[in-house]
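Structure first, commentary second.
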Amino acid sequence: TMAQSKSLLVLENFIGGKFVPCSSYIDSYNPSTGDVYCKVPDSGKEEVEAAVKAAKDAFPVWSSKSPLERSQILNKLADLIEQDLEAFAQAESKDQGKTITFARTVDIPRAVSNFRFFASSILHHVTECTEMAAMDCVHYTSRAPVGVAGLISPWNLPLYLLTWKIAPAIACGNTVVAKPSEMTSVTAWMMCKLLEKAGVPHGVVNVVFGTGAKAGEALVCHPDVPLISFTGSTLTAQRITEKSAPHCKRLSLELGGKNPAIIFDDADLSQCIPTTLRSSFANQGEICLCTSRIFVQRGIYSEFLKRFVAEAKKWKTGNPSDPTVSMGALISKEHLEKVRNYVRKAQTEGAKILCGEGVDSLALPSGNQKGYFMLPTVITEVKDESCCMQEEIFGPVTCVVAFDTEEEVIKRANGVKYGLAATVWSSNVGRIHRVAHRLQSGLVWTNCWLVRDLNLPFGGMKASGIGREGAKDSYEFFTEVKTITIKH
């Protein structure tokens, strides 16, 4: 009805420092109620064209500012987001389905620190210089921003991952056209309202909302966008690679994971169990770093399983705005169905579901009956070649299996197409180093999970992506290097 659509939040594209209405819109749902609550622009070629033009026009002035000037602006933007932290957290929780607690303590603080981190790191990069005395030559390198960066971010950690791209891109002097996920666009739109106040010149940050198939494709195919940073699925990354190949674009791709947790029988279970629950079910399991294959050494397998399942059953699932809830709603009806299908598939293969989906009943508050909820689900007696052990499920589902030897578990852990993250639990330092060296994984956490130093490279091997991001790595990606030789 008209009355209903009047109360909906309507987003607009942000192009050249102005909010611009769009001719058509997509419905965005509140995952915890199943209702449409927001209209998102359904942008395409025309809107992307306008945004790229604005970014190109803004490039000469922005790229000629000193790193210190850009740094001050980034810090101001961080302060403004931090002042609005509660409003941002509420919006992220409502739009994505994550708990208000997670948005308050993880998503929004991390978005703030992304800007602060790159505001600082940009002041500390140095270039190289070598001398060739015998030839009277000195060589040095110089780095310059590349131009317009195309940034495509996903729906699981919306502002967190968008700012992880925007911050280094603009810190290095590029201008950007960003496309957040059409399912979670609200916090990006809220951030746009703060850009002018932070002193970001018009056209430096442009945000175009819409689908990957329309807006994303137009951005990837645009001849004036020399770099693309993308976080999302391996399938979409293949398409981006094909579409950008004719233009020889520079790509940074952070893709999925099928991450193993390897728990040796000398692990400290009092630390391991609560952390492994988080690494399996935090953010409804919708983090590319979640552990969805848990290998437990046979000596402690039954004890681990008993304690793990007992603790998983204590996780409260429900209204994301309830501060006592540990798990909110999944992103969409389609995604919930996809995750449930994996559990059904495991059952038909003869696996055991120990808790969660189809085993325990989920009691929801009256306003959340139509939301996309699912309980933390633990599967056991599943074969390594099962799709549940091979494919990224991206939901609150984890498989627990036993292993005997170190040699065997390394081989099994590496036996998937992905290689993003791994966790290892043991109190034997020698073993930790040996195993960490042999795992095909861009990140290995031992006796912890998701402890990040933004200085260090982040990214995956194999089908988990191309390139790394981090202080030095992002700087290298977002700048073009030139070697200069002077004979004197």
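Quick one: which of LYS316/LYS352; LYS76/LYS462; LYS197/LYS482; LYS197/LYS243 span more than 28 angstrom between C-alpha atoms?
Distance filter (> 28 Å) returns LYS76/LYS462; LYS197/LYS482; LYS197/LYS243.
Which of the lysines could be linked to LYS333 by a straight reach, that is with a Cα gap under 16 Å, when you skip same-chain ones fewer than 8 residues away?
Within the straight-line cut-off, LYS333 pairs with LYS94, LYS98, LYS370.
Classify the chain as rounded, prolate or oblate from the Cα gyration tensor: take a ≥ b ≥ c as the square roots of its eigenvalues, call it rounded if a/c is under 1.5, otherwise prolate when a/b beats b/c and oblate if not.
In terms of gyration-tensor shape, oblate.
Could you give the angle, 0 to 90 degrees to the nearest 10, between helix 158-171's Cα long axis and the longest principal axis of the Cα atoms of the chain?
Between helix and principal axis, roughly 30 degrees.
With labels modelled as points extended 7 Å from the Cα through the Cβ direction, what inter-label distance (nm, one decimal) is found for TYR37 paired with GLU82?
Calculated label separation equals 2.8 nm.
7 Å from Cα along Cα→Cβ at both ARG344 and GLU46: what's the point-to-point distance in nm?
4.1
Full-extension gain between ASP360 and THR405, please, as 0.36 nm times their residue separation minus the C-alpha to C-alpha distance.
12.8 nm
Please report, as a whole percent, how much of the solvent-accessible surface of the chain comes from carbon and sulfur atoms (probe radius 1.4 Å).
55
Over the chain, what is the percentage of antiparallel beta bridges among all DSSP beta bridges, to the nearest 5?
45
If you count, for each residue, the other Cβ atoms within 10 Å and average over each peptide, how do 259-266, 384-391 line up from highest to lowest?
259-266, 384-391
At a Förster radius of 56 Å, what calculated FRET efficiency corresponds to the Cβ-Cβ distance of SER321 and THR130, to the nearest 0.05?
0.45
What length, rounded to one decimal in nm, is gained on full extension from THR141 through to GLU381, with 0.36 nm per residue of separation minus their alpha-carbon distance?
Gain on stretching THR141 to GLU381: 80.8 nm.
So, with +1 on the Cβ of K and R and -1 on the Cβ of D and E, and no other charges, what is the size of the charge dipole of the chain about its Cα centre, to the nearest 20 debye?
Value, rounded to 20: 140 debye.
Taking K and R as +1 and D and E as -1, what net charge do the other residues with C-beta under 10 Å from the C-beta of ARG468 add up to?
Residues near ARG468 contribute -3 overall.
Give the relative contact order (percent, whole number) for the chain; include only Cα pairs under 8 Å separated by 6+ residues.
The value is 19 percent.
Work out the FRET efficiency for ARG298 and VAL61 from their Cβ-Cβ distance, taking R0 = 56 Å, and round it to the nearest 0.05.
After rounding, the FRET efficiency stands at 0.30.
Could you compute how fast segment 259-446 diffuses translationally, taking Rh as the Kirkwood radius over C-alpha pairs and applying Stokes-Einstein at 4 °C with viscosity 1.567 mPa s? Give it in µm² per second.
For the chosen part, D equals 77 µm²/s.
Using every alpha carbon pair in segment 250-298, what percent of pairs falls into each 5 Å bin from 0 up to the bin containing the largest distance?
It works out to 5, 20, 25, 21, 13, 8, 5, 2, 2, 0, in whole percents.
For segment 319-329, in order, what is each residue's ³J(HN,Hα) by Karplus, 6.51 cos²θ - 1.76 cosθ + 1.60 with θ = phi - 60°, in whole Hz (x at glycine and Pro)?
After applying 6.51 cos²θ - 1.76 cosθ + 1.60, I find 3, x, 7, 7, x, 8, 7, 9, 9, x, 9 Hz.
Segment 387-409 to segment 191-228: how many Å between their Cα centroids?
38
I want the local charge near LYS45. Using Cβ-Cβ distances under 14 Å, sum +1 for each Lys or Arg and -1 for each Asp or Glu among the other residues.
Computed value for this residue: -2.
Loop only by DSSP, 16 or fewer other Cβ within 10 Å of the Cβ. Give me the trypsin sites (Lys or Arg not before Pro) in segment 1-90 that pass, ordered by residue number.
Here the trypsin sites (Lys or Arg not before Pro) that fit, given the DSSP loop and packing criteria, are LYS65.
Based on DSSP H runs of at least 4 residues, each adding -39500 (n - 2.57), what is the mean residue ellipticity at 222 nm of the chain after dividing by all its residues, to the nearest 500 deg cm²/dmol?
-11500 deg cm²/dmol
Just want to confirm a number: the relative contact order over segment 253-355, from Cα pairs under 8 angstrom separated by 6+ residues, in percent.
Relative contact order for segment 253-355 comes out at 25 percent.
Within 12 Å, Cβ to Cβ, of ASP265, how many net charges do the neighbouring residues add up to if Lys/Arg are +1 and Asp/Glu are -1?
-3
Return the aspartates and glutamates within reach of LYS18: Cα separation strictly under 18 angstrom, same-chain partners fewer than 8 residues apart disregarded; answer none if there are no such residues.
ASP42, GLU46, GLU47, GLU49, ASP57, GLU196
Given contacts defined as C-alpha pairs under 8 Å and at least six residues apart, what's the relative contact order of segment 259-446, whole-number percent?
30
Taking 0.36 nm per intervening residue step and subtracting the Cα-Cα distance, what contour gain separates ARG431 from LYS306 on full extension?
Taking 0.36 nm per residue and subtracting the Cα distance, the gain is 42.4 nm.
The values are calculated or read from the model by the stated rules, or taken from the named source; none is laboratory data. What you see is a predicted model, and the numbers here were worked out from it, not measured in a lab. Backbone-built Cβ (ideal geometry, glycine too); neighbour counts: all protein chains shown. The area values use the complete protein model at the heavy-atom level, side chains included, leaving out ligands, DNA and RNA. Shrake-Rupley method; radii C 1.70, N 1.55, O 1.52, S 1.80 Å.
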